[in-house]
Amino acid sequence: MRPLASLVDLAGFAAGNPVTVARCTASGIIEDFVTGTWPDGRAVVASDRFYGASLAKQLTGAAAAILVRDGRLDPDQPVTRHLSDLPPWAADITPRHLAHHLAGLPAAGALEAQASGDWTEDFVSTALAALPRLVTPPGTSYAYSNLGYILLARLVERIAGEPFAAFVNARLLAPLGIAGMAFVRDIPAYPQVAHMGPCLPLTQGDGGLWTTSRAFALWLRQQNQDALGIAGIVEAPGQLANGMTAPYGWGLGLRTHHTQRLLIHGGEWTGAVAKAVRCPARGIAVVAMAANCPFQTLDRLVEMVLNEAW
């Protein structure tokens, strides 16, 4: 396999773009590489955490799946059993609807565009309270929605009786020996914030994850091995009321690559792009994140690294 540094060069990033990439080979070895310069002139180092954007959703889905696995959450009962402060339209939404983006909530971007400042829990709560009705009845259509994963994280928090970030660390990351990754609200110390503009992503569940590429690659490796015993939940596709399936699990896009099942997710925010892919059958995984560059460039890098590992 070619070195990661060579593949980063071939992907076509602009000079100085902060980039971090890691791959897990079939033998379980994790390799990582970073390059670029932060706005303050400091070189990017491997311990720098990048914004994972919607890569966070697979941890949110895993957190909810652990509660299902342990018998603490029924995925097919209304979310209002635990989130009683939602409007009446939530009575027919289940955790499974939220996980598969089948809840009928506004699609990603619809409410985000209305935020005049940071994307926060308070803004989302106010927007949900003012929402007169769902876009479609729950279970009848697929629409990728950040709101659903904010609610799923809130559901985990209510049932667990502790902050969502603490639950993720205690039940997902610490048992797997993963450091260098966490859900964080106080983010000014991260150098990437200088690229992210005046409106910052401060919600958790849909985003909120800051991580090194090595830490996330270890997460992907552990999920390929089903270390948490939740693969049967998170890797199943969504089921629509009409019998059709939606190609999305619990925080995972369901795809194929050269006939093999591939679990993917990407994410974007101003000044931040991220993508991760893994193939359980082959035991390989790739994650890359970057600041201040087009998603297409990062996507090209991930595709090249994946094909090298294949």
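Residue 129 passes every criterion in (1) open to solvent by 30 Å² or more (accessible area, probe 1.4 Å); (2) in a helix (DSSP H, G or I); (3) free of Cβ contacts under 8 Å to residues at least 60 places away in the same chain; (4) under 25 Å from residue 226 (Cα atoms) apart from (4). Of all the numbered requirements in (1) touching a strand residue (DSSP E or B) at 6+ places or on another chain (Cβ under 8 Å); (2) open to solvent by less than 50 Å² (accessible area, probe 1.4 Å); (3) at pLDDT 95 or above, residue 247 misses one, and that requirement is (2). In this entry, residue 143 is excluded by the filter for residues that are outside any loop (DSSP other than H, G, I, E, B), out of contact with any helix residue (DSSP H, G or I) (no Cβ under 6 Å at 6 or more places or on another chain) and closer than 20 Å to residue 61 by Cα.
The set of residues in the range 29-55 being hydrophobic (A, V, I, L, M, F, W, C) and touching a strand residue (DSSP E or B) at 6+ places or on another chain (Cβ under 8 Å) consists of 30, 33, 34, 43, 44, 45, 46, 50, 53, 55. Within the set 42, 23, 49, the sole residue that is under 18 Å from the mean Cα position of the chain (by Cα), modelled with pLDDT of 95 or more and open to solvent by 50 Å² or more (accessible area, probe 1.4 Å) turns out to be 49. Screening residue 206 against (1) open to solvent by 30 Å² or more (accessible area, probe 1.4 Å); (2) modelled with pLDDT of 95 or more; (3) among the acidic types (Asp, Glu) leaves a single unmet condition, (1). It is to be established whether one or more residues within the range 218-230 are over 30 Å from residue 93 (Cβ atoms), surrounded by 17 or more Cβ atoms within 10 Å (Cβ to Cβ) and of a type in the set (A, V, I, L, M, F, W, C). Checked against the condition, which is being over 30 Å from residue 93 (Cβ atoms), surrounded by 17 or more Cβ atoms within 10 Å (Cβ to Cβ) and of a type in the set (A, V, I, L, M, F, W, C), the range 218-230 yields at least one hit. Please name all residue pairs, on different chains or six or more residues apart, with Cβ atoms under 8 Å, provided the first residue is in the range 242-253 and is farther than 18 Å from residue 206 by Cβ and the second residue is open to solvent by 60 Å² or more (accessible area, probe 1.4 Å). From residues that are farther than 18 Å from residue 206 by Cβ, the pairs are 242/140; 245/239; 247/255. Look at the range 134-159: where a residue is open to solvent by less than 60 Å² (accessible area, probe 1.4 Å) and of a type in the set (S, T, N, Q) and a partner is at pLDDT below 95 and outside any helix (DSSP H, G or I), sitting 6+ places away or on another chain with Cβ atoms under 7 Å, you get 145/107; 145/108; 146/108.
When 53, 63, 90 are checked against the criterion of being in contact (Cβ under 8 Å) with a residue 40 or more places away in the chain, farther than 18 Å from residue 214 by Cα and among the hydrophobic types (A, V, I, L, M, F, W, C), 63 stands alone in meeting it. With a requirement of 3 or more residues that are under 23 Å from residue 100 (Cβ atoms), the strands (runs of 3 or more DSSP E) lying completely within the range 168-272 that satisfy it span 253-257, 260-269.
Name the single residue, out of those in the range 98-120 being among the aliphatic types (A, V, I, L, M) and in a loop (DSSP other than H, G, I, E, B), that is nearest to residue 248 (Cα to Cα).
102
The values are calculated or read from the model by the stated rules, or taken from the named source; none is laboratory data. As the structure is a computational prediction, the values presented were derived from the model and not from experiment. Backbone-built Cβ (ideal geometry, glycine too); neighbour counts: all protein chains shown. For the accessible areas, the whole protein counts, side chains as well, though only heavy atoms, and no ligand, DNA or RNA atoms are used. Shrake-Rupley method; radii C 1.70, N 1.55, O 1.52, S 1.80 Å.
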